[in-house]
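What follows is a single structure, written as structure tokens, with notes after it.
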Amino acid sequence: MSPVQDIVTFAIQTYFKHYSTPEQSTLLTTDASLATESAKNSMIKVLDHLQALVTEEMTRQSTQLKRRRNQVHARIYQLPQEIFTEIMLAASSFESYITDAFTLMRVSKYWFDTE
């Protein structure tokens, strides 16, 4: 078995421990457990739900890691909050490209928290 198949099998087994219905818990106990159409449909639902859970968690962890990286390495995060607030107030007074404070707040979580 390949490493990816090992990971998927482990993920499915862990999923069954936490989320399975009595019908689903027997899906991987024997080789013949996926012989019926309803068993295959049930397993497809399990895999779809597992994929959604994994995607959501990976997105969450990636976002957290990017925020941590930015807070350590981006110079804007090294400014004291008071100075950064003054910059945002000055920038919001320009009428060229920035139409409102909400536009500034959407740039990053740090900027949102400052406004």
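The values are calculated or read from the model by the stated rules, or taken from the named source; none is laboratory data. Since the model is a prediction, treat every value here as computed from it, not as a measurement. Side chains are part of the model used for accessible areas, which takes the heavy atoms of the whole protein and leaves out ligands, DNA and RNA. Shrake-Rupley method; radii C 1.70, N 1.55, O 1.52, S 1.80 Å.
Computed quantities for the displayed model
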| quantity | calculated |
| --- | --- |
| Condition check for residue 115: modelled with pLDDT under 70 and open to solvent by 60 Å² or more (accessible area, probe 1.4 Å) | yes |
| Residue that is nearest to the chain's Cα centre (by Cα) [pool: residues in the stretch 64-81 that are at pLDDT below 85 and among the basic types (Lys, Arg)] | 67 |
| Index of the failed condition, residue 18 passing every other in (1) open to solvent by less than 90 Å² (accessible area, probe 1.4 Å); (2) modelled with pLDDT of 80 or more | (1) |
